[in-house]
Amino acid sequence: MMDYNLAWLSYRNIPWYEDRKFFQTIVTREKHVVIKTAVAELCRAAEEMFGMQPEITDRQERKDNFGKNRICLVMDAGISVAGGYRIEEYGGQISIFSGDASGILYGAYALVRRVQRELPLTGLKLQELPDMPLRMLNHWDNMDGSIERGYAGSSFFFKEGEILLNDRTRDYIRLAASVGINGVVINNVNVSGDATRLITDEYELSLKRMAAELEAYGITLYLSLNFAAPIELGDLDTADPEAEEVQSWWKEKMARLFQRIPNLGGFLVKADSEGRPGPFTYGRTHAQGANMLADMIKPYGGLIIWRCFVYNCTQDWRDKKTDRARSAYDNFMPLDGQFAENVILQIKNGPMDFQVREPVSPLFGSLEKTNQILEVQIAQEYTGQQKHVCYLIPMFKEILDFHTYCRKTKDKVSDIVSGRTFLQTECGMAAVANTGSDRNWTGHDLAAANWFGFGRLAFSASLTAEEIAEEWCECTFGPDRETTAAVTRILMMSWPAYEKYTSVLGIGWMVNPGNHYGPNVDGYEYDRWGTYHRADHRGIGVERGRAGTGYTSTYLEPNAAMYENIASCPEELLLFFHYIPYDYKMKSGKTLIQHIYDTHFEGVEDVEKMIGIWEGIRGKIPEEIFRRVKERLNHQREHAEEWRDQVNTYFYRKSFIADEKGRKIY
């Protein structure tokens, strides 16, 4: 018996579903392994939801002689977008069309989602073409079984230096594929120890098996790579990308690796960042480092995904001109056009580090000649660590919908990372994963909505955050209207609530150093990490306009002017871009200090409302899940109160300005 659930693939028995008749027969002549997977998934759904065992046949009827009550899987060259599919019901037959095997699988999962939601199949016409070519999960799993920034148990990929491949791994693959994920990095970007040796013969057989399991579900395996591997694994005393002996070492290593694992997708690289080795050590550029590796794997169709999370981590807090926010732009913008065609820059959504609110990275729209992936984080490192409910899809939608003004049309971030703006194909979205060995995969049961939602959004960026929440809820709990409305409301309230009781107006941080959990207003204020709020007795905020660090100038117009001017700067980012006095009048008519007080009280009230909403669906949710979520919501309320009291007290003591409403501030 499994010691874990199957999240949104936990099929309910619904024998009353009228359109179950279509599952009597599944027809396909295709022998591709991914199409075999699609057939198996349709059969599993039919058996678990209807108690049916479909007949599987390769007998195709003529177009004018449709068979009844069956599902046909049909390769169709007319659908040219990889992974795209079309589903049609006509004359009692459902056909899933696609130009490739992965599209057939995605179509099969889409059909199953409709059944889970008890939506009709008769008369169905549905087409989806993936928006993002690459839809990736980055796992920060270590080979000892731990997970960096993991909040849902231990790794299901690694244990005690060994690679795991079992039923749990396979069910993870099913869940990932079901929402359109097509690439997975299984090991931590901070590569050390045993993980450095993943590119050696030692792990060849295990990785080959893992790659095959993923490939059967249309997913490509990637590894994180240690740039200093020639030193740590070889006899070399340098990792200089321009050194002939280093290039020869990598060439031989990659040839051997891809010969054994030809379906390996490539590598994710964190270099010259937070102590990681890289080309800077040898006076080389990121382009030289990335291109050297790209040249070594180009013959095998491999990709190098190079992270742009590079900044000075030895900053003096007294220095008000150096700005961590500028770092990625200053490092990579001068290199635009210098990267090889099989190099992709992976760019975090904001210029800092996955805060609850940041502006969009100015690299989006500015880089025109370089492949780009948008990196987001569904592991809630700075948004409650899966102890708080914080549905992040509304944030990701805002990021994707941001206008960069790099073109008159097709200038949104979603246009850029889909390839529409600069006519690129090696681009997409990646998320730092939120999974682990916990029974429910994500620690907080409602955090599964972020995993599900990321995949669905990367596949279909036109979906709204609310539509995705409703879809996840109905696949997970069934299509009860009251349950769907309640859970969706909690999810949609959660990100604004978290922002209210933690760090408002874009200032960020204010967390305990190290574990990044819990309030500590000055926790990072005098450190080396460039994470400052600059609060004093007059006001708060980092001046990033022309009078400060000049960061506003990294944006294209009219965004640069909008952020430069306090009056036009979006208020939700006001303290990110400007130092503001406590008595500054907000658009609401409140002073800045009163806004800080009010939002922190409101955030706690919102959590109390979420608890009330959850209580209202007791009996409609499986008791085990209801209890787990209730316990975490209660913790969230207590923690939100701590945030409120610490932050409000800090600023009261800084400003000596009392709360106009006379509430308790310590």
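The values are calculated or read from the model by the stated rules, or taken from the named source; none is laboratory data. This structure is a prediction, so every number in the text was calculated from the model and none was measured. Quick reminder, even Gly has a Cβ in these numbers, built from the backbone with ideal geometry, and neighbours come from all protein chains shown. Note: accessible area is taken over every heavy atom of the protein model, side chains too, but ligands, DNA and RNA are not part of it. Shrake-Rupley method; radii C 1.70, N 1.55, O 1.52, S 1.80 Å.
Points worth noting:
- Greater than 31 Å apart at Cα, pairs in Lys36/Lys369; Lys270/Lys397; Lys270/Lys587; Lys36/Lys348; Lys270/Lys585: Lys36/Lys369; Lys270/Lys587; Lys36/Lys348; Lys270/Lys585
- Residue-count net charge about Leu505 - beta-carbon cut-off 10 Å; Lys, Arg +1, Asp, Glu -1: -2
- Residue-span extension gain [Asp58 to Asn515] - 0.36 nm each, minus C-alpha spacing: 159.0 nm
- Approximate spin-label separation Thr281-Trp317, in nm, with each point projected 7 Å along Cα-to-Cβ: 3.0 nm
- 18 Å cut-off, amide nitrogen to a point 7 angstrom out along Arg528 Cα→Cβ, residues in the stretch 292-323: 310-320, 322-323
- Listed peptides 582-590, 600-608, 470-478, 88-96 by packing density, highest first (mean Cβ within 10 Å): 470-478, 600-608, 88-96, 582-590
- Here's the list of lysines a cross-link from Lys620 could span, going by alpha-carbon distance under 18 Å and ignoring same-chain residues fewer than 8 apart: Lys630.
- Length, then width, then depth: along the principal axes, the Cα atoms of the stretch 32-122 run 35, 28, 24 Å.
- Relative contact order (percent, whole number), the chain, Cα cutoff 8 Å, 6+ residue spacing: 12 percent
- Mean Kyte hydropathy of -1.0 or more with a Cα span along the axis of at least 20 Å, helices from DSSP in the chain: 33-50, 101-116, 481-501, 592-615
- Å² per residue, accessible surface of the chain at 1.4 Å: 38 Å²
- Protein accessible area in the chain, 1.4 Å probe - carbon and sulfur %: 48 percent
- Computed accessible area, Met562, all protein chains, 1.4 angstrom probe, square angstrom: 50 Å²
- Unit charges at the beta carbon, dipole of the chain: most positive-side option, Leu165, Val189, Val179: Val179
- For the stretch 1-100, size of Cβ-based charge dipole, Lys and Arg +1, Asp and Glu -1, in debye: 220 debye
- With a threshold of 28 Å on the Cα-Cα distance, the over-threshold entries among Lys208/Lys298; Lys298/Lys410; Lys208/Lys251 are Lys298/Lys410.
- All Cα-Cα distances of the stretch 65-112, cut into 10 Å bins from zero to the largest, leave 32, 52, 16 percent in each bin in turn.
- Using the alpha carbons alone, the radius of gyration of the chain stands to its Kirkwood radius in an Rg to Rh ratio of 0.97.
- Along the stretch 228-239 the Karplus relation, 6.51 cos²θ - 1.76 cosθ + 1.60 evaluated at θ = phi - 60°, assigns HN-Hα couplings of 8, 4, x, 7, 6, 10, x, 9, 8, 10, 8, 10 Hz to successive residues, with x for each Gly and Pro.
- Ordered from longest to shortest, the equivalent ellipsoid semi-axes for the stretch 159-205 are 23, 13, 10 Å, each the square root of 5 times a Cα gyration tensor eigenvalue.
- Between the amide H of Asn371 and those of Leu345, distances stay under 5 Å, these residues lying 5 or more places away or on another chain, with hydrogens modeled in the peptide plane.
- Computed from the C-beta positions of Lys21 and Thr464 and an R0 of 45 Å, the FRET efficiency is 0.90 to the nearest 0.05.
- Amide H to amide H distances under 5 Å link Tyr517 with Asn512, where only residues 5 or more positions off or on other chains count and H is placed in the peptide plane.
- The tail of the calculated P(r) for the stretch 539-624, taken as Cα-Cα distances beyond 17 Å, holds 60 percent of the pairs.
- Charges were assigned to the Cβ only: +1 to each Lys and Arg, -1 to each Asp and Glu. The resulting dipole of the stretch 69-180 about its Cα centre is roughly 380 debye.
- Near Pro622, once Lys and Arg are set to +1 and Asp and Glu to -1 for all other residues with Cβ below 13 Å from its Cβ, the sum equals +3.
- Projected area averaged over orientations for the stretch 314-370, convex hull of C-alpha atoms, nm²: 4.9 nm²
- Alpha-carbon Rg with Dmax, taken over the stretch 432-515, Å: 14.7, 43
- Mean residue ellipticity (222 nm) of the chain, computed from DSSP H runs ≥ 4 via -39,500 (n - 2.57), nearest 500: -11000 deg cm²/dmol
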